[in-house]
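First up is the structure itself, then whatever we jot down about it.
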Amino acid sequence: MKYFRRGGGYNLDAGSSDLMIKGQLGLLQYDRIERFTAAGALLKDGPTVPADLIILATGYYPQEELVRRALGDAMLERIGPVWGIGEDGELNNMFKRTPQQGLWFIAGGLAQCRINSKYLALQIKAMELGKLGPL
């Protein structure tokens, strides 16, 4: 359910949580890293954190924050919530028209994006052909 409310904020634990608790798996903020090397991650303050594997976690910020940064507060207010369940029982502004013409959102896991991208494309095509009525 948290997936539909926020599009994230959960962990499907396959053993990583226990490794983090034991200190066998580390986390670094990307802004501390100067660059990646064959040995691991070279930090901006000098030392290298050794690593056998580095995974970059992306998509930390909610869609609203990305809209605010890219398009400003006025646009965010015009669009309204992005993601989460709306009063109509559907995802807010996801995979469908938003109150701002030409602005569409698609996010989530690969399976959800793959399926919904087809419906989103059909809506865009219908709009371009004048077959989709007013919002």
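The values are calculated or read from the model by the stated rules, or taken from the named source; none is laboratory data. Owing to the predicted nature of the structure, the values given are computational and were not obtained by experimental measurement. With ideal geometry, Cβ positions are generated from the backbone for all residues, glycine too; neighbour counts draw on all protein chains shown.
At a glance:
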item: Scan of the stretch 112-135 for residues that are of a type outside the set (Gly, Ala, Ser), part of a loop (DSSP other than H, G, I, E, B) and at pLDDT below 90, ordered by number; result: LEU132, PRO134, LEU135
item: Count of residues meeting criterion [within 21 Å of GLN24 (Cβ to Cβ) and exposed (fewer than 12 other Cβ atoms within 10 Å of the Cβ)] in the stretch 38-53; result: 5
item: Meets criteria (assigned by TED's automatic domain parsing to the domain that holds GLY26, surrounded by fewer than 10 Cβ atoms within 10 Å (Cβ to Cβ), of a type in the set (A, V, I, L, M, F, W, C) and without any contact (Cβ under 8 Å) to a residue 40 or more places away in the chain) for ALA111; result: no
